[in-house]
Amino acid sequence: EPVVSLAEVLAENEELEKEARAGAVKRQALYACSTCTPPGGEPAGICLACSYECHGTHRLFELYTKRNFRCDCGNSKFKNLQCKLLPEKGKVNSGNKYNDNFYGLYCTCKRPYPDPEDEVPDEMIQCIVCEDWFHGRHLGAVPPESGDFHEMVCQACMKHCHFLWAYASQLAVPALTKVNSLEDEGIVLKAEESEEPKKEIKKESGVEHQETKEEEQMEQFNEPSTSSGVYGHCSKFLQKFPVETAKTSFTKSEEPVCKLKELQNKQFLKKDTATFWPSNWRSKLCTCEDCLKMYSELEVQFLTDECDTVLAYENKGTSDQETERRDPLMDTLNSMNRVQQVELICEYNDLKTELTDYLRRFADEGTVVKREDIQHFFEEFQSRKRRRTNRMQYYCS
């Protein structure tokens, strides 16, 4: 019956809203509230909806987008604030990752943006791995023109994801100029080299990992000499198990192919710089079993997900805006300033709450909602709104 359907729709709508607000979102725009979580406190991030509903008059700064983040609004990090959209939130979001951005600090220089003390014109670029923002001049290499690349991996994350250097020679967009001749020489890595490795090698399930001390890493990065590293170990492995023996075990169609190992068998350069990547480079990363395990161990599984990119997020937003373009409410909202937007959203939430409670009574009683019932509701709502407005006086600060 129509009454039962109405009740089901209301319940389903509430459940969907709770799930959307409570769960970790694949990628979303986030804000930090310096009013509720000042410097010295625990870092916290809030979603766009809570920035309007719960922090409308607070001092906020934008964090742009973060992946797999769950809104902190009203949890244990906020001493005297309860989330209006979801009061029953968990106390801690253990899956969230935080960095200095949540305190308004960015880059290796740990400066705010915009920086009143920085007179050098420079763009900020976000690393797709750590999601921190960096000045172009602090990446160890001069970035290509902004239209020539779509994603960047910073210096620290290139060290963490060392396997990316094998792909860089084939896929990365070259930097514009050399920053430092010593840095730019980097290290040439070749599979044929058999020099004794300086680092301890650990092999797990076909994927080789280097376990080194920080001092040894810096020594190798700054030394413009050829070093065997992992590839000397590979050479010894091939000497022990010749190619002819491998061919007797697999037919050509059955032999597993790893794109990464094929690239690692070629000469490539490893530098102490950030790298810049075109739009389709993620689709060319190897997805064999060993590589997938390596991505998981390094916690970078998202690198093989092309929908994880900021470009995909922005395109989705553009598509959603196209869908909502004919919505008069959205057109009105977009034409307002922030204060007007907050007031309209608050009024909308009041209307939604009162209408939901009003209609639920009909659903509970099993009676049909008539036209005069709806008319009576809106007359009462307008009357209550006038009484509330007459009791309030607004001041501009």
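Would you grab the residues whose amide H sits under 5 Å from the one on TYR64? Only those 5+ places off in sequence or on another chain, please, with H modelled 1.01 Å from N.
Those lying under 5 Å, H to H, from TYR64 are LEU30.
Evaluate Rg over Rh across the stretch 341-389, taking Cα atoms for both radii and Kirkwood's formula for Rh. Working shown, then result.
Details: Rg = 12.2 Å, Rh = 11.8 Å.
Rounded to two decimals, Rg/Rh equals 1.04.
Amide H neighbours of GLN126 under 5 Å, counting only residues 5+ apart in sequence or on other chains, H built in-plane at 1.01 Å?
Those lying under 5 Å, H to H, from GLN126 are PHE134.
Which entries in LYS89/LYS159; LYS79/LYS159; LYS77/LYS110; LYS110/LYS284 show an alpha-carbon gap greater than 32 Å?
Details: LYS89/LYS159 37 Å; LYS79/LYS159 38 Å; LYS77/LYS110 23 Å; LYS110/LYS284 34 Å.
Over 32 Å Cα-Cα: LYS89/LYS159; LYS79/LYS159; LYS110/LYS284.
Past 18 Å, Cα to Cα: identify those pairs from LYS97/LYS293; LYS66/LYS293; LYS261/LYS293; LYS66/LYS271, in the order given. Don't skip to the answer; put the middle values down first.
Details: LYS97/LYS293 21 Å; LYS66/LYS293 24 Å; LYS261/LYS293 14 Å; LYS66/LYS271 27 Å.
Beyond 18 Å between Cα atoms: LYS97/LYS293; LYS66/LYS293; LYS66/LYS271.
Return the Cα extents of the stretch 22-103 along principal axes one, two and three, sorted largest first, each rounded to a whole Å.
27, 27, 21
Since every read-out is calculated from the coordinates, none of them should be taken as a lab result. Quick caveat: nothing in here was measured; it's all calculated off a predicted structure.
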